[in-house]
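Worksheet for the structure shown next.
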Amino acid sequence: MKSVKRICAVLLGLVLLLAGLLKLMDPVGAGLVMEDYYYFLHLDMLAPAAKLMGVIFAMLEALLGAALLAGVWPKFTGLVAALVLAFFTVLTLVLWLSDADMDCGCFGEAIHLTQFQSFIKNVVLCLLWFGAFVPFKSLWEVRKVKYVSFAIAMVSIGAFAVYSLMSVPALDFTPFKPGTMLMQAQATPEDESALLSICNKEGDYCDELLASGSCMLISAYNPDKLSDDDISDLVEFGDSLAAGGLAKPFYLAAGEFPEVGGAYSSDRRKLITLNRSNGGATLVREGVIIAKWPLRSLPESSDIKALIAVDAPCAVEKENTPRRLKLQGFLLYVFAVLLLL
């Protein structure tokens with residue numbers, strides 16, 4: 001009986017830990033989902049804190065999943081899991097019955113579920129909870145080493161969250177992920193193709209400028225939050241690209257790009273989807289998205305030159321494979337610590 005309980009708890013923990021880590025990997029995306037929930041619940045005044053709350057909820061979800069995997073404090077984690085599952089089951093039921101036009105964000109951008117699918121998913125998780133914790137007085141015994149494994153996992157998850165806040169997602173599941181060809185560069189565009197529309201100061205669309213050659217899209221979805229030093233770094237970065245003939249810089253902003261003449265405007269959500277970093281850089285070659293960098297880790301000219309020297313598919317793999325391997329290694333490490341230690 002206790003073996004069945006542990007299996008159910010492990011399965012529940014795996015789902016919660018994976019869901020939490022996927023959201024922590026993309027804290028800006030988690031903030032967007034939280035923002036949508038605030039608007040749906042008519043709590044618009046809380047929208048400025050959406051990113052912070054998104055990270056906090058994702059952290060709690062990941063730590064709860066880690067605790068269930070390790071099996072520590074079974075009664076406490078059981079009660080917390082019951083409250084979390086009850087809340088999200090009711091919330092997804094309301095979203096389904098209201099036919100809300102929004103994504104539940106259960107697994108970040110990695111997996112998109114309909115409101116009905118999200119509700120059914122939570123019902124299944126509730127059944128796993130019942131299998132793990134009912135009857136509540138008869139739970140598994142905890143080995144002391146499991147508290148050590150949970151502590152290691154907790155520190156690792158916290159470090160992962162800090163790293164994600166300063167970087168771009170190691171795995172990009174957005175419509176503008178590396179390797180994607182922009183709609184304006186396609187001979188026969190499909191309806192679901194990624195379209196990045198940009199306008200000049202006169203309000204004319206200039207999408208075709210991104211369809212050929214090598215372009216570096218320097219984007220700011222909240223330009224008013226960029227410091228003077230940030231703007232100077234971005235302008236210097238763009239000037240160095242233009243002077244070296246490596247890529248033509250395009251400054252994109254949701255509104256006005258401070259102190260930059262000839263900048264283009266675009267939709268805020270599009271720019272957030274393009275690059276999660278406010279002031280990030282995105283390399284595009286012949287309409288194909290090659291790689292992305294955050295404001296704090298802009299690439300060197302030699303790195304860009306190396307990406308331009310090879311064909312587009314090789315360039316995508318060259319820049320993005322190391323990030324993907326590091327993420328996979330981190331996930332394996334966390335699961336191994338929780339399950340094997």
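For the chain, the spread of Cα positions along the three principal axes, ordered from largest to smallest, is 70, 43, 41 Å. Rounded to the nearest 500, the helix-only mean residue ellipticity at 222 nm of the chain stands at -18500 deg cm²/dmol, with each DSSP H run of n ≥ 4 adding -39,500 (n - 2.57).
Tell me the Kirkwood hydrodynamic radius of segment 183-321 in angstroms, computed as one over the mean inverse distance between distinct C-alpha pairs. Let's see the in-between values first.
Working: mean 1/r = 0.0661 Å⁻¹.
Result for segment 183-321 stands at 15.1 Å.
Taking segment 2-165 as the region of interest, the number of lysine pairs whose Cα atoms are within less than 29 Å, with members eight or more places apart or on different chains, is 23.
Normalised size of segment 2-165, defined as Cα radius of gyration per 2.2 N^0.38 Å with N residues, equals 1.05.
If you average the C-alpha positions of segment 29-57 and of segment 302-324 separately, how far apart do those two centres end up, in angstrom? First find each Cα centre; the distance between them is then 35 Å. Each of LEU340 and VAL162 was given a label point 7 Å from its Cα along the Cα-to-Cβ line. The distance between the two points is 2.6 nm.
So how much slack lies between LYS248 and ALA306, counting 0.36 nm per residue of separation and subtracting their Cα-Cα distance, in nm?
On the way: separation 58, 0.36 × 58 = 20.88 nm, distance 1.61 nm.
So the extension gain works out to 19.3 nm.
Sort CYS199, CYS215 by Cβ crowding within 10 Å, fewest neighbours at the top.
Numbers: CYS199 15, CYS215 21.
Ordered by Cβ neighbours within 10 Å, fewest first: CYS199, CYS215.
Summary of packing: across the peptides 140-146, 268-274, 93-99, the per-residue average of other C-beta atoms within 10 Å ranks them, highest first, as 268-274, 93-99, 140-146. Approximating the spin labels as points 7 Å out from Cα along Cα→Cβ, the SER197-to-PHE87 distance works out to 3.8 nm. Each residue of segment 228-239 is assigned a 3J(HN,Hα), and the resulting list reads 4, 5, 4, 5, 4, 5, 5, 5, 4, 4, x, 5 Hz, derived from the Karplus form 6.51 cos²θ - 1.76 cosθ + 1.60 (θ = phi - 60°), x at Gly and Pro. Quick check: the angle from helix 27-40's long axis to the longest principal axis of the chain, C-alpha only, nearest 10 degrees? For 27-40 against the chain, the angle is about 80 degrees. Ranking VAL72, ALA86, ALA30 by how far each Cα lies toward the positive end of the dipole of segment 27-141 (charges on Cβ) leaves VAL72 at the top.
Just for the chain, what percent of DSSP beta bridges are antiparallel, to the closest 5? List each step's numbers first, then the result.
Numbers: 15 of 23 bridges.
Percentage antiparallel, nearest 5: 65.
Computing Rg and the Kirkwood Rh from the Cα coordinates of segment 158-237 gives a ratio, Rg/Rh, of 1.02. Here the gap between GLN186 and ASP233, fully extended at 0.36 nm per residue and compared with their Cα-Cα distance, gives a gain of 13.6 nm.
Note on the chain: GNM, Cα springs under 10 Å; of PRO294, PRO175, PRO189, the largest mean-square fluctuation is that of PRO189.
By the rule of a C-alpha distance below 29 Å, with chain neighbours fewer than 8 residues away ignored, the lysines paired with LYS305 are LYS177, LYS248, LYS270, LYS292, LYS318, LYS326. Put a plus charge on the Cβ of each Lys and Arg, a minus charge on the Cβ of each Asp and Glu, and nothing anywhere else: the dipole of the chain about its Cα centre is then about 2400 debye. Around the amide H of CYS104, modelled in the peptide plane, lie the amide H atoms of LEU113, all under 5 Å away and 5 or more residues distant in sequence or on another chain.
The peptide list 118-129, 236-247, put in order of mean Cβ contacts within 10 Å with the highest first, becomes 118-129, 236-247.
Once you reduce segment 228-276 and segment 70-97 to the center of their Cα atoms, the two points are 43 Å from each other.
Around the amide H of ALA220, modelled in the peptide plane, lie the amide H atoms of LEU252, ALA253, ALA254, GLY279, all under 5 Å away and 5 or more residues distant in sequence or on another chain.
Here, each number is a calculation from the coordinates, and none is a lab measurement. Only a predicted model underlies this, so the values are computations on that prediction, with no experimental measurement involved. When we count neighbours, we look across all protein chains shown, and the Cβ atoms used for this are built from the backbone with ideal geometry, even at glycine.
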